[in-house]
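Here the structure is laid out as structure tokens; the discussion comes afterwards.
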Amino acid sequence: MPKSISHDLATPRTRDGIDDVVILGGGLAGIFCALSLAPRPVTVLTAAPLGGGGSSYWAQGGMAAAIAEGDHPDKHLADTIAAGAGTVDAKIARLMTREARARIEDLLAYGVPFDRDTEGRLAVGREAAHSERRIVHVRGDSAGREIMAALIERAKATPSIRILEGFVGETLTRDGRAIRGVIARADEGRAPTTVEFPAHAVVLASGGIGHLFRVTTNPPQANGHGLAMAARAGAIIADPEFVQFHPTAIDIGRDPAPLATEALRGEGAILIDREGRRFMPGYHIDGELAPRDIVARAIHAERMAGRGAFLDAREAVGAAFPTKFPTVWETCLSAGIDPRVDPIPVAPAQHYHMGGVLTDANGRTSIDGLWACGEVASTGVHGANRLASNSLLEAVVFAARIARDIQGLLPSPRVAGWSVDRGEAELPGASDAASMETVRDVMANHVGVIRDGAGLARALATLDALERRTRDTAMLNTLTAARLVTAAALARTESRGGHWRADFPETDPAQARRTYLTLDKARAISAQVAAPEALSA
């Protein structure tokens, strides 16, 4: 939380007393968008210290881009479409793969120290479901942390970017048909207050939904609040049922769960049970390099059968572990595991949300004045199952597109002093903390790796019961995000990508289409199945 909000808020705004652009979220998408908008004045609101609340900081795998000899953006596109299980928007995905090289060059210009080979070229690795080696890394498994460090340093040195830490977005304000600002909760060391930020343009870059689930690799700020804010304002939500579970979270009881990066399997690490038997070839022809949803379900099945699941990198990486994968190395050592000689216990964990606020090629949502990028958005490039290392790429490609779109729409700003409106914030109580724990259990038990109609209906009933006794806006946003995911999962009566129904295990060609959902429609789905006397999970 900021030490002196009033000092930070004294920074100039535009002359009409309205922020030019407000960006909600300080992860990769938000910061890259702010830098791309410079020198236009931008206010970045972030709940945690800059970079710390975004999943980008935690990313280990890297960024996909067809930059190596013999590779091509169309090959990258084909892999993206194949992984997306029939629902990728090919036109939008083509834009992303063709603009990848330019965004890598932008990041290099910002000081990102991507790994290079002995000849000075960008080093590229291979990850699951990629047909070529096209993943650029930083220090092996430190891409997210190093990319964010470089961008944060540049953002803090950019006069047009004002960064306000300790602000949690709660509500989008509207003026007729258009979004006109953000109401955020702030804590000045006294009682929390709400602060309204009127704006000519609002960009949601608030991250994903990980902490709706009991086991996740996401930081606590990834709780779906941006998704919910947009839905409550009337925005169309796309594909919320498609949730990706990373197969190999390190199973040492931490929240969030640390990752054993997919790059380890790209280097040849294998998955074994506690008897040392390699099991992935029995589930898919590509073994450990099968799409993430298949690997996650295989690990889930082995664990449920009591055989356990372990990532064995002893032969593939061995003594090189400390230098090639320092993040995983340090995590394992802190838990008493030496991955050079010990297999790493792993479990599936919620990792990424393919769904989000529906956007077009320029990041525009269905409501005027509102853009979205990063994990909170649904551009259509991921389809039902995101291809590894496409998330960081998507974030920068569409953040840059939003910046160009806003620059072309808004007049040049004139800077002057400004003031802020404040109001009292409702305080979350003990009941809200208990409700959050219930939500995480319900989502893990009924909306997780394996789903069925009865469990989804039970989850909706529980969410309804919690919402009836909720007064806190933040908790309402949590419940709204959970409802959108669960209602869409119930409506899709097939298995596809990150959505797997035990009662509908086959993929239905007739349902090879994207989901478009409003909050009203999600409530209607809930009303059809949820009983008032719902039991807690």
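Read-outs throughout are calculated quantities, based only on the coordinates presented, and are distinct from any laboratory measurement. Just so you know, these numbers come straight off a predicted model, no measurement behind them. Here Cβ is always computed from backbone atoms with ideal geometry, including for glycine, and neighbour counts include all displayed protein chains.
Please name which of ALA301, GLY266, GLY276 has its Cα lying farthest along the dipole of the chain towards the positive end, using unit charges on Cβ (Lys, Arg +1; Asp, Glu -1) and the Cα centre as origin.
Farthest along the dipole direction, towards plus: GLY266.
Taking θ as phi - 60°, what are the ³J(HN,Hα) couplings along segment 370-386 by the Karplus curve (6.51, -1.76, 1.60), each to the nearest whole Hz, with x for Gly and Pro?
Here the 3J(HN,Hα) series is 10, 10, 8, 8, x, 5, 5, 8, 10, 7, x, 6, 8, x, 8, 6, 5 Hz.
For segment 245-348, what's the relative contact order in percent, using C-alpha pairs closer than 8 Å and at least 6 residues apart?
Here the relative contact order equals 37 percent.
Would the chain count as rounded, prolate or oblate if I go by the C-alpha gyration tensor, calling it rounded below 1.5 in a/c and otherwise prolate when a/b exceeds b/c, oblate otherwise?
Details: a/c = 1.58, a/b = 1.20, b/c = 1.31.
Taking the square roots of the gyration eigenvalues as a ≥ b ≥ c, the chain is oblate.
Can you show me the helix-derived [θ] at 222 nm for the chain, built from DSSP H runs with n ≥ 4 at -39,500 (n - 2.57) apiece and divided by the number of residues, rounded to the nearest 500.
-10500 deg cm²/dmol
ARG121 to GLU69: extension gain in nm, 0.36 nm per residue of separation minus the Cα-Cα distance?
Details: separation 52, 0.36 × 52 = 18.72 nm, distance 1.06 nm.
Stretched out fully, the ARG121 to GLU69 stretch lengthens by 17.7 nm.
Using 0.36 nm per residue of separation minus the Cα-Cα distance, give me the extension gain between LYS91 and ASP342 in nm, one decimal.
On the way: separation 251, 0.36 × 251 = 90.36 nm, distance 4.49 nm.
Extra length from LYS91 to ASP342 when fully extended: 85.9 nm.
Put +1 on the Cβ of each Lys and Arg and -1 on the Cβ of each Asp and Glu in the chain; which of PRO113, GLY25, THR173 then has its Cα farthest toward the positive end of the dipole?
Checking the options against the dipole of the chain, the answer is THR173.
Given Cα pairs under 8 Å that are at least 6 residues apart, what percent is the relative contact order of segment 356-397?
Values: 43 pairs, mean separation 14.9, N = 42.
Taking the mean separation of contacting Cα pairs over the length of segment 356-397, I get 35 percent.
Run the numbers on the chain and let me know its relative contact order in percent, using alpha-carbon pairs under 8 Å that are six or more apart.
Numbers: 1312 pairs, mean separation 116.4, N = 537.
Value for the chain: 22 percent.
Scale the Cα Rg of segment 269-414 by the rule-of-thumb value 2.2 N^0.38 Å and send over the ratio, two decimals. Can you show the working numbers first?
Values: Rg = 20.7 Å, N = 146, 2.2 N^0.38 = 14.6 Å.
Dividing the Cα radius of gyration by 2.2 N^0.38 Å gives 1.41.
For GLY166, list long-range residues whose amide hydrogen, built 1.01 Å from N in the peptide plane, is under 5 Å from its own amide hydrogen.
THR46, ALA47, ALA48
For a footprinting-style exposure proxy, rank SER160, SER334, SER378 by other Cβ within 10 Å, fewest first.
In increasing order of surrounding Cβ atoms, one gets SER334, SER160, SER378.
How big is the charge dipole of the chain about its Cα centre, in debye rounded to the nearest 20, if each Lys and Arg gets +1 on its Cβ and each Asp and Glu gets -1 on its Cβ?
Rounded to the nearest 20 debye, it is 660 debye.
Using the scaling law 2.2 N^0.38 Å as the reference, what is the normalised Cα Rg of segment 453-537? Write out the running numbers ahead of the final one.
Numbers: Rg = 13.5 Å, N = 85, 2.2 N^0.38 = 11.9 Å.
For segment 453-537, the normalised Cα radius of gyration is 1.13.
Based on the mean of other Cβ atoms within 10 Å per residue, sort peptides 516-526, 500-510, 389-399, 203-213 so the most packed one is first.
Output ranking for 516-526, 500-510, 389-399, 203-213: 203-213, 389-399, 516-526, 500-510.
With no solvent and one equal point scatterer per Cα, compute the Debye intensity ratio I(q)/I(0) for segment 157-281 at 0.14, 0.19, 0.20 Å⁻¹ and report its log10, rounded to two decimals.
With one equal scatterer per Cα and no solvent, log10 I(q)/I(0) is -0.83, -1.16, -1.22.
Would you mind checking which residues have amide H under 5 Å from HIS353's amide H? H placed 1.01 Å from N; only 5 or more apart, or other chain.
Close amide H contacts, sequence-distant or interchain: ILE209, GLN244.
Using every alpha carbon pair in segment 245-348, what percent of pairs falls into each 5 Å bin from 0 up to the bin containing the largest distance?
2, 14, 26, 27, 19, 9, 1, 0
Which semi-axis lengths, in whole Å and largest first, follow from the square roots of five times the eigenvalues of the Cα gyration tensor of segment 76-180?
After diagonalising the Cα gyration tensor, the semi-axes are 31, 25, 13 Å.
Sort 78-90, 305-317, 454-466, 476-488 by the packing proxy (mean of other Cβ within 10 Å over each peptide's residues), most packed first. Please list the in-between numbers first.
Details: 78-90: 20.8, 305-317: 18.1, 454-466: 22.6, 476-488: 25.9.
Put in order of decreasing packing, that is 476-488, 454-466, 78-90, 305-317.
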